[in-house]
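To start, the structure under review is shown below, and the notes come after it.
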Amino acid sequence: EFSRHYIKDDCYNHGAWIFDRITHNATPTDIAFIGSSHTIHAFQEKEIEQIFENQYHVANFGYCRFGRNLEFVFIKELLKYKSPRLLVIEVHEDEPKNSHDIYPYLAGTTDLLSTPTLVNRDYFADVFTGLSARMEQFKSNYIFFEKYPAPDLNPYGYGESDRIAPAEELKLNEQVWSKRLKNRLNAQFENIQLKYPLAYLNKSLGLAKAKNIQVIYVYLPEYGSGLKEPLRMKEYEKTGEVLILPDSILKNTGNWMDATHFNNKGAKLVSIWMAQKLEIKLNEAGRCSVGN
């Protein structure tokens with residue numbers, strides 16, 4: 001709890017909100033969205049709940065920037081306190097190869113000191129940051145006697161925005177992606193780097209499997225990347241279905257807050273589309289449960 005409030009200036013104070021939504025808020029979580037700020041600005045929980053006529057409680061647990069290890073922390077905590085029926089995990093154009101910069105603040109000590117793979121370039125930096133944060137916690141608890149703010153009991157994490165991205169902003173991101181894709185690293189070297197994020201993704205999937213929780217992926221690309229599907233599509237398909245947003249949403253420039261995030265108009269369309277997909281998955285899960 002200390003660490004979530006310690007990082008209050010990061011990502012709309014979403015760290016504290018996620019903690020409160022999972023541990024302090026009695027509202028159940030039937031469907032949970034896990035991902036980056038792409039997720040924060042894509043899924044309107046109220047909209048999805050209304051489409052389902054409030055049969056399910058939906059929570060958007062997106063957190064700014066990419067990092068599979070941080071997602072593992074949130075999923076682990078979520079499954080400790082809640083019993084979701086379905087996890088929707090964001091995938092993007094490529095897997096992030098590094099640790100999330102907030103991970104050492106939020107990870108438990110055992111998770112901080114252990115690593116699922118030796119390919120972990122951020123290990124020592126994470127341990128140092130984590131130990132520093134724990135020293136700050138000691139001072140807060142035993143020297144300054146600081147108290148935590150009252151829990152934020154808002155059940156929804158969606159990030160509102162009516163902004164419409166200027167055309168030149170979207171065009172610039174197209175150019176950035178064109179250069180990025182031309183200058184990709186050697187495939188063999190990339191495959192070595194992939195061991196790190198995929199190890200944490202598999203740890204998250206293992207937690208879900210142990211509790212018989214269904215997992216699907218949703219591809220949330222940036223405007224202008226031009227990639228119809230993730231570069232690691234085959235890896236994801238080994239463990240779950242990957243949902244692909246229609247071009248009618250992705251290519252409409254009026255749906256974007258900036259080159260990487262949807263605005264309210266775009267998010268509403270994404271949420272309606274997602275609710276239709278989720279209904280199919282939940283019905284399939286129900287039929288399997290009856291059959292068993």
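The values are calculated or read from the model by the stated rules, or taken from the named source; none is laboratory data. Because the structure is a prediction, the values reported are computed rather than measured. Positions of Cβ are backbone-derived with ideal geometry, glycine not excepted, and every protein chain shown enters the neighbour counts. Each accessible area value is taken on the protein alone, full model and side chains, heavy atoms only, with ligands, DNA and RNA left out. Shrake-Rupley method; radii C 1.70, N 1.55, O 1.52, S 1.80 Å.
Residues that are closer than 19 Å to E279 by Cβ and either modelled with pLDDT under 95 or out of contact with any Gly (no Cβ under 9 Å at 6 or more places or on another chain) (or both) number at least 2 in the following strands (runs of 3 or more DSSP E) confined to segment 19-109: 31-35, 86-91.
Just to be sure I understand, how many residues within segment 242-269 are in contact with a strand residue (DSSP E or B) (Cβ under 7 Å, 6 or more places away or on another chain), part of a loop (DSSP other than H, G, I, E, B) and without any contact (Cβ under 8 Å) to a residue 40 or more places away in the chain?
First, pick out the residues of segment 242-269 that are in contact with a strand residue (DSSP E or B) (Cβ under 7 Å, 6 or more places away or on another chain): 242-245, 255-256, 262-263, 266.
Now narrow it down to the ones that are part of a loop (DSSP other than H, G, I, E, B): 245, 263.
When the remaining residues are screened for being without any contact (Cβ under 8 Å) to a residue 40 or more places away in the chain, the result is 245.
The number of residues fulfilling the criteria is 1.
Table: residues versus (1) hydrophobic (A, V, I, L, M, F, W, C); (2) within 23 Å of C64 (Cβ to Cβ).
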| position | (1), (2) |
| --- | --- |
| H100 | no, yes |
| Y105 | no, yes |
| L112 | yes, yes |
| V119 | yes, no |
| Y123 | no, yes |
| D126 | no, yes |
| S132 | no, yes |
| M135 | yes, no |
| Y142 | no, no |
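For segment 139-188, taking the residues that are assigned to a loop (DSSP other than H, G, I, E, B), out of contact with any Phe, Trp or Tyr (no Cβ under 7 Å at 6 or more places or on another chain) and aromatic (F, W, Y), the one that is surrounded by the fewest Cβ atoms within 10 Å (Cβ to Cβ) is identified as F145. Among the candidates D94, D111, D101, the residue that is closer than 29 Å to E222 by Cβ and without any contact (Cβ under 8 Å) to a residue 60 or more places away in the chain is uniquely D101. Got a sec? Which of E241, E229 is over 10 Å from V91 (Cβ atoms), of a type in the set (D, E, K, R) and either surrounded by fewer than 17 Cβ atoms within 10 Å (Cβ to Cβ) or touching an Asp or Glu at 6+ places or on another chain (Cβ under 7 Å) (or both)? Residue meeting the stated conditions: E241. If a residue has to be assigned to a loop (DSSP other than H, G, I, E, B) and open to solvent by less than 50 Å² (accessible area, probe 1.4 Å) to count, how many in segment 120-135 make the cut? Residues in segment 120-135 being assigned to a loop (DSSP other than H, G, I, E, B) and open to solvent by less than 50 Å² (accessible area, probe 1.4 Å): 2 in total. What about K209, is it more than 16 Å from F33 (Cβ to Cβ), of a type outside the set (A, V, I, L, M), loosely packed, with under 14 Cβ neighbours inside 10 Å and out of contact with any Asp or Glu (no Cβ under 6 Å at 6 or more places or on another chain)? So K209 passes the test.
The set of residues in segment 69-86 being basic (K, R) and within 22 Å of K281 (Cβ to Cβ) consists of K82, R85.
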